[in-house]
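Have a look at the structure below, then the notes.
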Amino acid sequence: MSAGNDSADIDGIAAGWAVRASEGALGERDRGELEAWLARDPRHRGAFVRAQAIWRDLDRIAAMAKGGGEEPIAPQRRVRMRVFAVAASLLLAVLAGGIGYEHYSGRHAAGVGQIVRLALDDGSVVVLNTDSVIRVRYGDAQRRIHLQRGEATFQVVSDPARPFVVEAGDVAARAVGTEFAVRRLGDAVAVTVLEGVVEVERPDSRGLERPRRAARNEQVVAARALPMIENALTAEEVSRRHSWREGYLTFDGEPLEAAIAEMNRYAQVPIRIADPDLAAEHFVGVFRIGDTRAFARSAAATFDARVVEEPGAIVLTRASTPHRQ
């Protein structure tokens, strides 16, 4: 593949490599050529990572749309390379700014019930949870994200010359190359590290509070007017808390009231509990985000309760307790 120095050339080459790598078509010589190209310019690795992330999403969408059936396998390399060329052209169109995949700077939002994946211009990938808003400001010395509302995960491409900083409230989480999540919880901010190391600080503390460094499966919670708290989490807990990125929520013994509050974040029609004793019960289950009716039916079956649908709400109440209209 040619070297290519401008952004369009880099994106085109990255698209070609991403498609070929995904199909397992790289021999030893090709892998060497790819590594040499990646090492030649920091922009190359960022473009390649971004192209891989987008291609995985396109591939997953195509698989779901196909709905089964076998794809004929082209026996000749000439035909296979033609397929690669078409696929790379599609990916390049996405990289250039179309076909439903957002990227570059500005304001980005996920509505209620939506999960939005963003590919930034350095190859970093952001996944926005329901009802979340970020602003992206990239400069020569720093990559800065402001989480205005909600929750997001950040898979950061390493660039030591430009630290990646996420601001939420009075908290700033700084990383070079890592993966972490930031969630705003009222007046508090929680930063959870999925891979690597993240430094969490309060820039306006004037040195009165030291920065905290969190590694994989560690969390820093910063509530307003209180010192930051560090927590160690299990790998299973981290995976469960972030299963929303795959489109479902997992509960493992949380109070029913807390599980319902989490389900309601994604719901057009929320669940309400009419019985305080029922709210305190501990609940286990896995549900698609937004599927409040399935959640309510499962909770009713578990706790001998019943489901009553009212205008604008799904009400859970004990089966033995008459429901008041």
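The values are calculated or read from the model by the stated rules, or taken from the named source; none is laboratory data. For clarity, every value in this text was computed on a predicted model and none was experimentally measured. With ideal geometry, Cβ positions are generated from the backbone for all residues, glycine too; neighbour counts draw on all protein chains shown. Areas reflect the complete protein model, heavy atoms only, side chains present, ligands, DNA and RNA absent. Shrake-Rupley method; radii C 1.70, N 1.55, O 1.52, S 1.80 Å.
Side notes on the structure shown:
- Residue list for region 10-37, filter: at pLDDT 80 or above and of a type in the set (K, R): R29, R31
- Restricting L316, L256 to those that are over 27 Å from S239 (Cα atoms), surrounded by 17 or more Cβ atoms within 10 Å (Cβ to Cβ) and in contact with a helix residue (DSSP H, G or I) (Cβ under 8 Å, 6 or more places away or on another chain) reduces the list to L316.
- Summed over region 189-216, residues that are open to solvent by 30 Å² or more (accessible area, probe 1.4 Å), in contact with a strand residue (DSSP E or B) (Cβ under 8 Å, 6 or more places away or on another chain) and not charged (D, E, K, R) total 5.
- Residues that are in a loop (DSSP other than H, G, I, E, B) and either modelled with pLDDT of 95 or more or acidic (D, E) (or both), drawn from region 176-195: D187
- Test: residue in region 303-313 that is touching an Asp or Glu at 6+ places or on another chain (Cβ under 9 Å) and closer than 16 Å to G253 by Cα: yes
- Of all residues in region 154-163, those that are closer than 13 Å to V198 by Cα and crowded, with 18+ Cβ neighbours inside 10 Å total 4.
- Close Cβ contacts (under 6 Å, 6 or more residues apart or on different chains) running from residues in region 34-49 that are in a helix (DSSP H, G or I) to residues that are among the basic types (K, R) comprise L38/R45.
- Test: residue in region 263-278 that is surrounded by 13 or more Cβ atoms within 10 Å (Cβ to Cβ), of a type outside the set (A, V, I, L, M, F, W, C) and closer than 17 Å to A181 by Cβ: yes
- Hits in region 105-126 (condition: among the β-branched types (V, I, T) and buried (at least 20 other Cβ atoms within 10 Å of the Cβ)): V125, V126
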